[in-house]
Amino acid sequence: MLAAIALTILQLLPPAGQTNPYRSPQLASSAKLVALAFGSGKAIYVVTSTDQGQHFSEPVKVAEADILPLSRHRGPHVAISKETIVVTAVTGREEAKGPHAHGLPSDGDLYAWRSTDSGKSWSKPVRINDAPASAREGLHSLAADGRGNMFAVWLDQRTEHTQLYGAVSRDSGATWSANRLLYESPDGDICQCCHPTASYSLQGALDVMWRNCLGGARDFYLIRSADGKTFSPPQKLGTGTWKINACPMDGGGLTHDGNRTLTAWRREGDIYLAEPGRPETKLGEGKDVVIAASQEKTYALWVANGQLQLWKDGKVESLAENASYPAVVNLPQGGVLAAWEENGGIALQRLPQP
């Protein structure tokens, strides 16, 4: 059930009697539509809005699987390309064993579902990873340029090491290219449990960001492509480094403001904002940061001690308590829409407030 709270906050709550919370929200927007994808139990759902996120439809089930990872940035992603909504998610059929003992599928694959009627009905799934079970870590990202081009990137385990793989679609997610190895660490693995991120600029350039594992450091790197096939050499983000022999399980955010590429990520207990090739700027303390840009304004949101923090115009304010795993997307008419997990449901807020 969807109910208005105050004036600009919406709360999407599970229906009465449902024991599974709504988890892992992800947002997408186009000129006419806003879509929110999330997981609940073993099912993927989508709600849509035609008024810039002021009101949303009832949830529509996209798919259901034996295993649907929803923890630590796993879960469905959503993008809008032309008039098509595309949802991607990693699902599996067998309980995880051995190293995959925290709710991950031992045979997980990355699938895409499409809707051409604004989320009312959904196609059968199309598998994106061409090596079966190679996407079983469950961490991926989906980007669209609004003109039919889409890019999926994920942590891949088709070899004994964790590598960064990607695939491109030229027909709004109907078909996908052969998989491409984007990066493999000379030390063996990239960071094994931090999600990658992909984003298109308005000019059509594609950026991909991930947390590397190189020389004992787990820092963020970025590659860029003009065509989704040929990528630049990897470039480290920021001037500092994080020496840690563990996975932070925190992949950061990536967006574009005109020609500028903006990234936000966590190092140790701090959140940083950085452009490629420039020193990073500390925004505050916390984790699970996301970022969006709208009308030359940058919005970064993250969680600190259970409180949702917003950075805008160089100032930090607290938006909500008991919040986790935020998502954010720019709105075509200005501002952004934020979503996050709260008390078993998903809260949404338009920023700035009208």
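With closer than 25 Å to residue 235 by Cα, in contact with a Gly (Cβ under 9 Å, 6 or more places away or on another chain) and not aromatic (Phe, Trp, Tyr) as the only criterion, which of 185, 141 stands out? Only one candidate qualifies: 141. Please state which of the following conditions residue 142 fails to meet, knowing it meets all the rest: (1) crowded, with 24+ Cβ neighbours inside 10 Å; (2) outside any loop (DSSP other than H, G, I, E, B); (3) without any contact (Cβ under 8 Å) to a residue 40 or more places away in the chain; (4) of a type outside the set (Gly, Ala, Ser). Against the list (1) crowded, with 24+ Cβ neighbours inside 10 Å; (2) outside any loop (DSSP other than H, G, I, E, B); (3) without any contact (Cβ under 8 Å) to a residue 40 or more places away in the chain; (4) of a type outside the set (Gly, Ala, Ser), residue 142 comes up short only on (3).
Here residue 180 fulfils each of the conditions (1) more than 19 Å from residue 131 (Cβ to Cβ); (2) in contact with a Lys or Arg (Cβ under 8 Å, 6 or more places away or on another chain); (3) modelled with pLDDT of 95 or more; (4) among the basic types (Lys, Arg) apart from (1).
The number of residues in region 203-224 that are assigned to a strand (DSSP E or B) and either under 19 Å from the mean Cα position of the chain (by Cα) or on the phi > 0 side of the Ramachandran plot (or both) comes to 11.
Taking strands (runs of 3 or more DSSP E) as the structural unit, those lying wholly within region 284-336 and holding at least 2 residues that are β-branched (Val, Ile, Thr) correspond to 287-294, 297-304, 323-330. Total residues in region 284-318 satisfying the condition of being closer than 18 Å to residue 254 by Cβ and loosely packed, with under 14 Cβ neighbours inside 10 Å: the figure is 1.
Of all residues in region 2-42, those satisfying the criterion of being at pLDDT below 95 and part of a strand (DSSP E or B) are 2, 3, 4, 5, 9, 10, 11, 12.
Number of residues in region 247-285 that are on the phi > 0 side of the Ramachandran plot and among the aliphatic types (A, V, I, L, M) equals 1. Restricting attention to region 146-171, the residues being out of contact with any Asp or Glu (no Cβ under 8 Å at 6 or more places or on another chain), in a loop (DSSP other than H, G, I, E, B) and either in contact (Cβ under 8 Å) with a residue 60 or more places away in the chain or small (Gly, Ala, Ser) (or both) number 3.
Which residues, taken from region 106-139, are surrounded by fewer than 23 Cβ atoms within 10 Å (Cβ to Cβ) and among the basic types (Lys, Arg)? 114, 120, 124, 127 - these are the residues of region 106-139 that are surrounded by fewer than 23 Cβ atoms within 10 Å (Cβ to Cβ) and among the basic types (Lys, Arg). Restrict the check to region 263-273 and report whether at least one residue is under 25 Å from residue 21 (Cβ atoms), part of a strand (DSSP E or B) and among the hydrophobic types (A, V, I, L, M, F, W, C). Within region 263-273, none of the residues are under 25 Å from residue 21 (Cβ atoms), part of a strand (DSSP E or B) and among the hydrophobic types (A, V, I, L, M, F, W, C). Considering region 231-281, the residues that are more than 21 Å from the chain's Cα centre (by Cα) and aliphatic (A, V, I, L, M) include one that is surrounded by the most Cβ atoms within 10 Å (Cβ to Cβ), namely 244.
Working carefully through the options 199, 177, 121, 106, find the one that is polar (S, T, N, Q) and either under 19 Å from residue 251 (Cβ atoms) or outside any loop (DSSP other than H, G, I, E, B) (or both).
Working: 177 fails: either under 19 Å from residue 251 (Cβ atoms) or outside any loop (DSSP other than H, G, I, E, B) (or both); 121 fails: either under 19 Å from residue 251 (Cβ atoms) or outside any loop (DSSP other than H, G, I, E, B) (or both); 106 fails: either under 19 Å from residue 251 (Cβ atoms) or outside any loop (DSSP other than H, G, I, E, B) (or both).
Result of the check over 199, 177, 121, 106: 199.
Do we find that residue 109 is without any contact (Cβ under 8 Å) to a residue 60 or more places away in the chain and under 20 Å from the mean Cα position of the chain (by Cα) in this structure?
Criteria met by residue 109.
Would you tally the residues in region 173-224 being of a type outside the set (Val, Ile, Thr), in contact with a Leu (Cβ under 8 Å, 6 or more places away or on another chain) and within 24 Å of residue 290 (Cα to Cα)?
Filtering region 173-224 down to residues of a type outside the set (Val, Ile, Thr) leaves 173-174, 176-189, 191-196, 198-207, 209-222, 224.
Next, from what is left, pick out any that are in contact with a Leu (Cβ under 8 Å, 6 or more places away or on another chain): 181-187, 192-196, 198-200, 207, 209-210, 219-222, 224.
Applying the additional criterion that residues be within 24 Å of residue 290 (Cα to Cα) yields 182-183, 192-196, 198-200, 207, 209-210, 219-222, 224.
So the count comes out to 18.
Find the strands (runs of 3 or more DSSP E) located wholly in region 43-89 whose residues include 3 or more that are over 18 Å from the mean Cα position of the chain (by Cα), and list them.
Numbers: elements: 43-49, 60-64, 77-81.
So the answer is 60-64.
For region 242-295, the tally of residues that are more than 19 Å from residue 315 (Cα to Cα), touching a Phe, Trp or Tyr at 6+ places or on another chain (Cβ under 8 Å) and in contact (Cβ under 8 Å) with a residue 60 or more places away in the chain stands at 2.
In a residue-by-residue description of region 245-263, the property of being of a type in the set (Lys, Arg) and farther than 28 Å from residue 333 by Cβ applies to no position.
The values are calculated or read from the model by the stated rules, or taken from the named source; none is laboratory data. Note that the coordinates shown come from a computational prediction; the quantities given were computed from them, not determined experimentally. Neighbour counts run over all protein chains shown; Cβ positions are idealised from the backbone, glycine included.
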